[in-house]
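Participant: This is the structure, below, for whatever I ask next.
Laboratory data are not the source of any read-out in this text; all were calculated from the coordinates shown. Computed from a predicted model, the values in this text were never measured in an experiment. Please note: Cβ atoms are built from the backbone with ideal geometry, for glycine as well, and neighbour counts cover all protein chains shown.
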Amino acid sequence: MLTSSGGIRTAPAPAEGNDPRDRPRALRTPSALRALGGHRLFVVAIVLAAGLRGLVMLGYDTAQLYWYDSFTYLNTAVHLAPSGAFHPAGYPFLLRLLLPFHSVELVAGVQHAMGLATGLMIYLVLRRHSLPGWGATLAALPVLFNPAFLRLEHAVLSDTQLIFLITAALTVLMWRARPSARALAVTGLLLALAGLTRTVAVPLLGLVLLHLLLRRAGWKRVVALAAAGLLPLAAYAGWYHQHHGRFALSGSDGVALWARTMTFADCSVIRPPAREAVLCPNGTVVDAASEYVWAPGASLNRLPGGRFAHNDLARSFALRAIAAQPLDYLREVARDTALTFAPTPVRHPLRVSPALTFPVGSWPLPPFPLIDQVRREYDGDIRGMSSVEPYGSLLGSYSYPGVLHGPLLGALLLLGGLGSAGRRRPALLPWTVAVFLLLAPIAALDFDHRYVLPSIPTACLAAALAVAGLSRRARACGAAGRRARHGP
């Protein structure tokens, strides 16, 4: 070190060619490259996943629109009010935010970004829990590359938002071993939004509250989660009451559960009162429980006023049927759950094809007045979807084996269950959430491949954490055994 005439110490001049300012900029900032180096495998994966989503946007000329769900969502977004039927308004809130752009293609683009973000959150949580980059990347691959997820993202349906919100809630909750009250408030809010997107997610709030109580998280944290989660639900129930005269989140739970019982209900065993006896099976037979909701000849649909006007009556009948025939109910739920794990995806109901490929062709919209209204009010370019060449053929050649769908989910749940045994296992919460998300729709209505998808990201989280935990325990047991044999 040299000293100048003013007493200020100065460093010696660098030798020619060694001055960092003489180096190329890429060589002057190695820290970013080093930081990226540990994530290179995931960066490659998510870039490829983004490219695949870009190909989907190019390969179809518009978003996929389904009768009746897509159009009721879009109509609710324009005329914002709580629906008295199946769908709460959580997803229409998102559609309302995008209404100024009048583009269902933009909706699909936003949902594709949600899909990438879901894969990113899985990766980040697992790296936070000390998994290696390859292991965390492997756990994110089903969400990033399964065509069922990409097709769901490209459709005007609520499922992608539901998956994103649940994954985000678990990410915030699991980021630290002991989450703060603020983090738990964010978790509660995200779970409330998930419940307002699809009511099947509402019990997850109670599940996480139970998790906190069992871990003795402290009353401040429990109150923070409960308040942030329950207040939005209570506010929505109050809004629903203003429109429909009762506090609820939707008007379809009884209708759905009644349809579930139609595959086994025997009124000679149930012996319902006369008021409910009109909902007994009347000889109408369809190929899946959910089809009874729409079957014109089903007993509920023969009552005046429409099916949802009798939601309370349907719920009362369904609960009575389940109480009288609990084993029959459990048998039907178990049978439909088993469809999840079939090596070759099963069509259930028969009119629905499993979305494990990218189809090529055109799918015109039916001539319904609601479609014309939505076209006028939300997006004037709404039309039936068609594939676009040459991108459509490229997508059509994309192969994703069925064994990586149902059987893989079964393996993930098995691994997650094994790794959840014992106290304070990090795999326990995501595994419990995955099992609940798989079983709840089947228990409340029916099996559907679309309803299975929300359980897959959390099953991936649970399985990865379980494998890491089991590996650590095996190494610890091996080390203990060696010490016992050879001494300290």
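Participant: Specify the inter-centroid distance of the range 252-295 and the range 320-355, based on alpha-carbon positions, in whole Å.
Facilitator: Using only Cα atoms to place each centre, the spacing works out to 16 Å.
Participant: Another question, if that's okay. How far is the Cα center of the range 77-143 from the Cα center of the range 145-186, in Å?
Facilitator: First find each Cα centre; the distance between them is then 7 Å.
Participant: Between ARG275 and ALA237, 0.36 nm times their residue separation minus their Cα-Cα distance comes to what?
Facilitator: Gain in length upon complete extension: 10.9 nm.
Participant: Here's a follow-up. Taking amide hydrogens as modeled 1.01 Å from N in the peptide plane, which residues meet the under 5 Å criterion relative to GLN64, leaving out close sequence neighbours?
Facilitator: Amide H neighbours of GLN64, under 5 Å, 5+ apart: ALA155, VAL156.
Participant: Let me ask something else about it. So how tilted is helix 181-197 from the main axis of the chain? Cα-based, degrees 0 to 90, rounded to 10.
Facilitator: With rounding to tens, the tilt is 40 degrees.
Participant: Using helices alone, what [θ] at 222 nm do you get for the chain, with -39,500 (n - 2.57) per DSSP H run of 4 or more residues, divided over all residues and rounded to the nearest 500?
Facilitator: Using -39500 (n - 2.57) per qualifying helix, the result is -19000 deg cm²/dmol.
Participant: How would you order 405-411, 120-126 from highest to lowest mean count of nearby Cβ atoms within 10 Å?
Facilitator: 120-126, 405-411
Participant: Taking 7 Å along the Cα-to-C-beta vector as the label spot, tell me the ARG302-LEU414 distance in nanometres, rounded to one decimal.
Facilitator: 4.6 nm
Participant: Next question, about the same structure. For the chain, what relative contact order do you get, as a whole percent, if you take Cα pairs closer than 8 Å and at least 6 residues apart?
Facilitator: 18 percent
Participant: Between ARG472 and ALA342, what FRET efficiency comes out of the Förster formula 1/(1 + (r/R0)^6) with R0 = 45 Å and r the beta carbon distance, rounded to 0.05?
Facilitator: Plugging the Cβ-Cβ distance into 1/(1 + (r/R0)^6) gives 0.85.
Participant: Here is a follow-up. Would you please put 360-368, 271-279 in order of how densely packed they are, using the mean number of other Cβ atoms within 10 angstrom per residue and starting with the highest?
Facilitator: Ranked from most to least packed, the peptides come out as 271-279, 360-368.
Participant: Which angle between 0 and 90 degrees, to the nearest 10, do you get for helix 69-78 versus the longest principal axis of the chain when only C-alpha atoms count?
Facilitator: Compared with the principal axis, the helix lies near 80 degrees.
Participant: I've got another one for you. Set the Förster distance to 35 Å, then compute FRET efficiency between LEU106 and SER393 from the Cβ-Cβ distance, nearest 0.05.
Facilitator: Here the calculated transfer efficiency is 0.85.
Participant: Working out 0.36 nm times the residue gap between LEU319 and LEU404, then minus their Cα-Cα distance, what length gain in nm do you get to one decimal?
Facilitator: Value of the extension gain: 26.9 nm.
Participant: Based on the mean of other Cβ atoms within 10 Å per residue, sort peptides 288-294, 212-218 so the most packed one is first.
Facilitator: 288-294, 212-218
Participant: Another one. Starting at the first residue of the range 361-368, write each ³J(HN,Hα) from the Karplus equation 6.51 cos²θ - 1.76 cosθ + 1.60 with θ = phi - 60°, in whole Hz, x for Gly and Pro.
Facilitator: Along the range 361-368, the couplings run x, 9, 9, x, 8, x, x, 10 Hz.
Participant: If each residue of separation counts as 0.36 nm, what is the full-extension length gain between ARG216 and ARG331 once their alpha-carbon separation is subtracted?
Facilitator: Once the chain is fully extended between ARG216 and ARG331, it gains 37.7 nm.
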